[in-house]
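Since the structure comes first, as structure tokens, the remarks are kept for the end.
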Amino acid sequence: MTVETEIHKAHWTGERIARLGFLLGLGWDAKRVAEDPIIASTPNNVHRQAQRFGLGFRAAAVAMALQLPPDATNHFEAAAFKRGLTRDAMIRNLLVEVAADPNLLDNILDDGV
């Protein structure tokens, strides 16, 4: 039995489950989650465990396929990289924050007119 095989058969501890949920919330895909040192699994097992624990790839599945101008794409990608997020997770976080403050949302929309 190799070390890698042993890792894949490791129990899903509370720490690993919490990390799985956290990474899914960031919008990471199964391959990237599987490569995380705490998760240390396969993409297929990540999918199975996410389903087992009632977690989903909703953030990644709901991530918008936005066609942004190159400058905007570069700004979002730089901001996402700085925070260890994917571009889509960064955009989602930004939209959630803006939507949480109706005045901010109105100000942004009204200034753009």
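Could you grab me the full set of residues in the range 26-52 that are at pLDDT 85 or above, of a type in the set (G, A, S) and under 26 Å from L94 (Cβ atoms)?
Across the range 26-52, the qualifying residues are A30, A50.
Within the range 74-113, can you find the residues that are in a helix (DSSP H, G or I), surrounded by 10 or more Cβ atoms within 10 Å (Cβ to Cβ), at pLDDT 85 or above and not aliphatic (A, V, I, L, M)?
Within the range 74-113, N74, H75, F76, E77, F81, R83, N93, E97, D106, N107 qualify.
Take the residues of the range 28-55 that are of a type in the set (D, E, K, R) and either in a helix (DSSP H, G or I) or more than 23 Å from A80 (Cα to Cα) (or both): which is least open to solvent (accessible area, probe 1.4 Å)?
Once the filter is applied, the top-ranked residue is R32.
Out of the range 59-71, which residues are at pLDDT 60 or above and surrounded by 10 or more Cβ atoms within 10 Å (Cβ to Cβ)?
L66, L68
Please determine, by comparing only the residues of the range 13-27 that are part of a helix (DSSP H, G or I) and touching an Asp or Glu at 6+ places or on another chain (Cβ under 8 Å), which one is least open to solvent (accessible area, probe 1.4 Å). Steps first, answer last, please.
Step one: filter the range 13-27 for residues part of a helix (DSSP H, G or I), giving 14-25.
After this cut, where a residue has to be touching an Asp or Glu at 6+ places or on another chain (Cβ under 8 Å) as well, the list is 19, 23.
Numbers: R19: 69, L23: 1 Å².
Out of the qualifying residues, it is L23.
One residue is enough: does the range 8-17 have a residue meeting the conditions small (G, A, S), out of contact with any helix residue (DSSP H, G or I) (no Cβ under 7 Å at 6 or more places or on another chain) and modelled with pLDDT under 90? Break it down stepwise before answering.
Within the range 8-17, the subset small (G, A, S) is 10, 14.
Adding the requirement that they be out of contact with any helix residue (DSSP H, G or I) (no Cβ under 7 Å at 6 or more places or on another chain) leaves 10, 14.
The next check asks that each one be modelled with pLDDT under 90; those that pass are 10.
So far as the range 8-17 goes, yes, one or more of its residues are small (G, A, S), out of contact with any helix residue (DSSP H, G or I) (no Cβ under 7 Å at 6 or more places or on another chain) and modelled with pLDDT under 90.
The values are calculated or read from the model by the stated rules, or taken from the named source; none is laboratory data. All values derive from a computational prediction rather than experimental measurement. All Cβ positions, glycine included, derive from the backbone under ideal geometry; neighbour counts span all protein chains shown. Each accessible area value is taken on the protein alone, full model and side chains, heavy atoms only, with ligands, DNA and RNA left out. Shrake-Rupley method; radii C 1.70, N 1.55, O 1.52, S 1.80 Å.
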